[in-house]
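The structure appears below as structure tokens.
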Amino acid sequence: MATILLLSGPNLNLLGDRDPQHYGTTTLEELVALARETAAKHGHELEHLQSNHEGVLVDAIHAARGRCAAIVINAGALSHYSHAIADALAAFDGVKVELHLSNPYAREEWRHRSVLSGVVDGIAVGFRATGYRIAVEAAAEMIAGR
């Protein structure tokens, strides 16, 4: 059994109410339950942390080193400009999957570039709630292949 860390960035605590045309109506708690169920089907444990603060997410990535086999991260808007999170992910030796509920390439120009994409193993983009299952499935398969 390995541990998969699911990290949720700023404003994701508002899912279900915030901008449902882009993010859907599923709450963060429901998304975490889906991710946890998917991890369990592969024999893994899932931990979750949501924070609206960049440094808390960086600290969580550091604490995952040597303890977690994978990180699935939906960093929200921080995906587009947090070099601190990118650097922390680059120092993590496990599997790394970036996750976006919406398709940032179909939205505002500033969302088209992710500074995290260059340091992760893969990206699940635009599948709303299904993306959480896809991201955890991919992480579990990559863990099995290592």
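Any read-out appearing in this document is the output of simple, stated calculations on the displayed coordinates, not a laboratory observation. Quantities reported herein were computed from a predicted structural model and do not represent experimental measurements. Every residue, glycine among them, receives a Cβ derived from its backbone with ideal geometry; neighbour counts consider all protein chains shown.
Starting with the fewest neighbours, write out Asp121, Asp93 ranked by other beta-carbon atoms found within 10 Å of each beta-carbon.
Details: Asp121 14, Asp93 11.
Listing Asp121, Asp93 from fewest to most nearby Cβ atoms yields Asp93, Asp121.
With the crude spin-label approximation of a point 7 Å out along Cα→Cβ, what separation in nm comes out for Tyr81 versus Asn13? Placing both labels 7 Å beyond Cα along the Cβ direction yields 2.1 nm.
Among Met142, Met1, a tally of other beta-carbon atoms within 10 Å of each Cβ gives an order, fewest to most, of Met1, Met142.
For n ≥ 4 DSSP H runs only, could you compute -39500 (n - 2.57) per run for the chain, divide by its residues and tell me the 222 nm figure to the nearest 500?
Details: 5 runs with 53 residues, N = 146.
My calculation for the chain gives -11000 deg cm²/dmol from helical runs alone.
Scanning the chain for DSSP H helices at least 18 Å long along the axis (C-alpha atoms) with a Kyte-Doolittle mean no lower than -0.5 picks out 28-41, 130-145. Its relative contact order, with pairs defined as Cα atoms under 8 Å and 6+ residues apart, puts the chain at 28 percent. Among Thr25, Thr130, the order by Cβ neighbours within 10 angstrom, fewest to most, reads Thr25, Thr130. Here, the range 3-145 yields an orientationally averaged convex hull projection of 7.3 nm² when only Cα atoms define the hull.
Out of the GluC sites (Glu not before Pro) in the range 64-138, which ones are loop residues according to DSSP with at most 10 other C-beta atoms within 10 Å? Walk me through the numbers on the way to the answer.
Working: sites: Glu98, Glu108, Glu109, Glu137; in loops: Glu108.
Of the GluC sites (Glu not before Pro), the ones in loops of the range 64-138 whose Cβ has at most 10 other Cβ atoms within 10 Å are Glu108.
Distance between the modelled labels on Ala91 and Thr27, one decimal in nanometres: 3.6 nm (7 Å Cα→Cβ projection).
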